[in-house]
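Notes follow the structure.
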Amino acid sequence: MILEITVVPNSPKFSVSFKNGRLKVMLVSEPERNQANIELIQNLSKLLGKRVKIVSGLTSKRKKLAVDLSEGEWAAFVAGLE
């Protein structure tokens, strides 16, 4: 499954929310030296229990991620955020 997300680096704490059909991920790390992308992959993989890969948007706040999730697993995850 391809997820479209928005990231916000330099946040006070890591958090995930779902707004307007898009996952919003607050990251503690700075965007320099790939730190924010590493934090995103590690924490989101742990949260979802699945492997996460950035497929586009490496240097952008808007990213597309490939995650091995079924529609049912995604729906359950989003329901848990609301």
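The set of residues from segment 21-38 being modelled with pLDDT of 95 or more and either under 16 Å from Leu81 (Cβ atoms) or in contact with a Phe, Trp or Tyr (Cβ under 7 Å, 6 or more places away or on another chain) (or both) comprises Lys24, Val25, Met26, Leu27, Val28.
Results for (1) in contact with a Ser or Thr (Cβ under 9 Å, 6 or more places away or on another chain); (2) surrounded by fewer than 14 Cβ atoms within 10 Å (Cβ to Cβ); (3) of a type outside the set (Ser, Thr, Tyr), shown as yes or no for each residue.
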{"residue": "Gln35", "(1), (2), (3)": "yes, no, yes"}
{"residue": "Ser45", "(1), (2), (3)": "no, no, no"}
{"residue": "Val52", "(1), (2), (3)": "yes, no, yes"}
{"residue": "Glu73", "(1), (2), (3)": "no, no, yes"}
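Basic (Lys, Arg), assigned to a strand (DSSP E or B) and either crowded, with 16+ Cβ neighbours inside 10 Å or over 12 Å from the mean Cα position of the chain (by Cα) (or both) - does that describe any residue in segment 55-67?
First, the residues of segment 55-67 that are basic (Lys, Arg): 61-64.
Among the residues that remain, those that are also assigned to a strand (DSSP E or B) are: 62-64.
Checking which are either crowded, with 16+ Cβ neighbours inside 10 Å or over 12 Å from the mean Cα position of the chain (by Cα) (or both) leaves us with 63.
The answer is yes, given that some residue of segment 55-67 is basic (Lys, Arg), assigned to a strand (DSSP E or B) and either crowded, with 16+ Cβ neighbours inside 10 Å or over 12 Å from the mean Cα position of the chain (by Cα) (or both).
Restricting to segment 24-68, and then to whatever is touching a residue at least 40 places away in the same chain (Cβ under 8 Å) and not basic (Lys, Arg), can you tell me which residue is farthest from Val7 (Cα to Cα)? Per the criteria, the residue is Asp68.
The values are calculated or read from the model by the stated rules, or taken from the named source; none is laboratory data. All of these numbers come straight from a predicted model, not from anything done at the bench. For neighbour counting, all protein chains shown are included, and Cβ atoms are generated from backbone atoms with ideal geometry for every residue, glycine included.
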